[in-house]
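To start, the structure under review is shown below, and the notes come after it.
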Amino acid sequence: MSIARGQSASVQVTPVRNNSRRRNSSHIGTQYKMDRATQSVDRFWEEWTVGINGSPSIQALNATFRASWRSEVAERKFYSQRLVLVRSIEWMARTRHISLNEAVDELEKRRRNENISLSRLCRILKEEESKRGE
């Protein structure tokens, strides 16, 4: 099955028990970890909207498990750092009246032109978001 970038796929996600010693030991989550090796906006957007390597999309995980799949501190922090990218893509599409995919392409072009990592782009976008008052 071929899915165009930006489209969602219906994926069955099976929850697993997280047996860590937390306040709520019956906390349900998945063992999914966002891909730390992703270096392009395009690949990140694919992971966010469609899923990569046979895994569900981040959107599907959020819809199914809400925040519980991000039960580990490191995963919550990484998710938070990448969430600014999602907000920026959506903001660009909305304010420039372009598609989400066009916004993805513009941010990837910017990342390449400035020769910066995806992490650095996220930090810059966070600063710009703060200046806009968002």
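The values are calculated or read from the model by the stated rules, or taken from the named source; none is laboratory data. Computed from a prediction, not measured in an experiment: that's the story for all the values here. Cβ: placed from backbone, ideal geometry, glycine included. Neighbour counts: every protein chain shown. Calculation scope for accessible area: heavy atoms of the full protein, side chains included, ligands and nucleic acids excluded. Shrake-Rupley method; radii C 1.70, N 1.55, O 1.52, S 1.80 Å.
General observations
- Residues of region 53-85 classified as closer than 20 Å to residue 110 by Cα and open to solvent by 20 Å² or more (accessible area, probe 1.4 Å), total: 2
- Top-ranked residue of region 26-52 - restricted to ones that are free of Cβ contacts under 8 Å to residues at least 12 places away in the same chain and assigned to a loop (DSSP other than H, G, I, E, B), ranked as surrounded by the fewest Cβ atoms within 10 Å (Cβ to Cβ): 37
- Only a single item in (1) of a type in the set (Ser, Thr, Tyr); (2) free of Cβ contacts under 8 Å to residues at least 40 places away in the same chain; (3) open to solvent by less than 20 Å² (accessible area, probe 1.4 Å) is not met by residue 88, and it is number (2).
- The residues in region 91-107 that are free of Cβ contacts under 8 Å to residues at least 40 places away in the same chain and touching a helix residue (DSSP H, G or I) at 6+ places or on another chain (Cβ under 8 Å) can be counted, and the count is 7.
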